[in-house]
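I have placed the structure first, in the form of structure tokens, so that the comments after it can refer back to it.
Read the figures in this text as sums done on the coordinates, not as results from a lab. Keep in mind that this is a model prediction, so the values were computed, not measured. With ideal geometry, Cβ positions are generated from the backbone for all residues, glycine too; neighbour counts draw on all protein chains shown.
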Amino acid sequence: MTRRSALRGALMTATLAVGRPVLAQQMQTHLPPGVAAKPKGPVVFLDYDKDEIDFAYDQVPWAPNSAEVAKRNRQKSDAAVARLGPPRRVSYGAAGIEKLDIYVTKRPNAPINIFIHGGAWRTGDAQGVAYMSETFVDAGAHFVAVDFNNVTEVDGNLLVMADQVRRAIAWVHENATSFGGDPNRIYISGTSSGAHLASVALTTDWQKDFGLPADVLKGGLCCSGMYDLFPPSLSARASYVKFTPETIEKLSPLRHLDKLVVPVIVAHGTLETPEFQRQNREFAAAVQKTGKSATLLIGQGYNHFEMFETLGNPYGLLGRAMLEQMKLKTA
């Protein structure tokens, strides 16, 4: 053996010795397509490290076409308003943002679908979901889109937003007849963070808190929501949401299923983040375990934003399910 080969062998041995711990270290697995895995850091929840839990509560990296979906929804919203006419814009509270867009159907004493928009609790508005209105108006139901503060406008306090959504529902119940609605046939739907707020409404004690019937909402659809706030409190969302122990306890519907008294539809797409899939799957299972009605819908090949579009289509996965729950037929 020459001196050169001995040195080469020693160097190779040293390199392998250094590399073994890296090769043996667990690598990240919960990552969006195209993101290179790194050695896994300290686990913060289940088997997620901090980077993974941040990705798990950020849908955009998992949906590269999100901007294109938003553009076509704006186009569809413009077309819906051009056909149906502008919605009635009414106040449900004193704050400037506390308003409802009501798209009225021609059917008298018609059922009502109240929609709660998403946007990671910090974006979105009622105007942006106008494209969903035709599905319900054409089937003989009023469509009511709720505006409320985004979380950055209320110092990170989700309790304010939840209160606004609840007060909007109470207003609709008390004033339904003013726009031809049936106060005894009110349903709610929501997507993403709006699904979270819709599920909060579905697990509200309406008799105690508002003096309304316990089943003021006759059913609900929650698409791609969050039902336990502890996991997102560990993610980057904590940079703009104040996840206090009170907020996590009061606004985690998974912990208040005793107050759920009506059927609920829960849905997610197969291309969503693993945490959003888990949250929706486990929420539906928990409801079913209590003996209450929960239907789980899984959109094959849909990402987070594509799932929402199906609510604006009477033959789409969510549109069909919501109309069936409301006992309505397509136009």
Please list 89-96, 104-111, 32-39, 122-129 highest first by mean number of surrounding beta-carbon atoms within 10 Å per residue.
-> 122-129, 104-111, 89-96, 32-39
Fewest to most neighbouring Cβ within 10 Å: what's the order for Ser252, Ser189, Ser239?
-> Ser239, Ser252, Ser189
Coarse-grained scattering of the stretch 126-224 at q = 0.17 Å⁻¹, given as base-10 log I(q)/I(0) from a Debye sum over alpha-carbon atoms | -0.80
Where the Cα atoms of the stretch 185-258 are projected onto their three principal axes, how long is each span, largest first, in whole Å?
-> 39, 24, 19
Under 19 Å from a point 7 Å along the Cα-to-Cβ line of Thr295: which residues of the stretch 214-248 have their amide N that close?
-> 217-225
From a point 7 Å beyond the Cα of Glu246 in the direction of its Cβ, which residues of the stretch 152-166 have a backbone N at a distance under 11 Å?
-> 159-160
Here, Glu174 and Lys50, labelled 7 Å along Cα→Cβ, have an inter-label distance in nm of 4.7
Residues Leu84, Leu328, sorted so that the one with the fewest Cβ neighbours within 10 Å comes first | Leu84, Leu328
Report the local net charge at Phe283: Lys and Arg +1, Asp and Glu -1, summed over other residues whose C-beta lies under 13 Å from its C-beta.
-> +2
Most fluctuating residue of Tyr103, Tyr48, Tyr187 in a GNM of the chain with Cα springs under 10 Å: which is it?
-> Tyr48
Which of Phe148, Phe115, Phe230 fluctuates most in a GNM of the chain (C-alpha springs under 10 Å)? That residue is Phe230
Counting pairs of alpha carbon atoms under 8 Å apart in space and at least six apart in sequence, what relative contact order in percent does the stretch 195-305 give?
-> 30
How far is helix 66-84 tilted, in degrees, relative to the longest principal axis of the Cα atoms in the chain, given as a value from 0 to 90 rounded to the nearest 10?
-> 10
Cα pair distances exceeding 26 angstrom across the stretch 177-330, given as percent | 26
Could you check which residue among Met307, Met27, Met132 shows the biggest mean-square fluctuation in a GNM of the chain with a 10 Å Cα cutoff?
-> Met27
Can you sort His256, His117 so the residue with the fewest Cβ neighbours within 10 Å comes first?
-> His256, His117
Using modelled backbone amide H atoms (1.01 Å from N, in-plane), which distant-in-sequence or interchain residues come within less than 5 Å of Ile265's amide H?
-> Gly220, Leu221, Cys222, Thr295
What nm value, rounded to one decimal, do you get for the distance between Lys106 and Ala36 when each label is placed 7 Å out toward the C-beta?
-> 6.1
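I'd like to know how the chain sits against the 2.2 N^0.38 Å rule of thumb: what's its Cα Rg over that expected value? Walk me through the intermediate numbers first.
Values: Rg = 23.4 Å, N = 331, 2.2 N^0.38 = 20.0 Å.
Output field value: 1.17.
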May I ask for the angle, rounded to the nearest 10°, between helix 158-175 and the longest principal axis of the chain, with both axes built from Cα atoms and the value confined to 0 to 90°?
-> 20
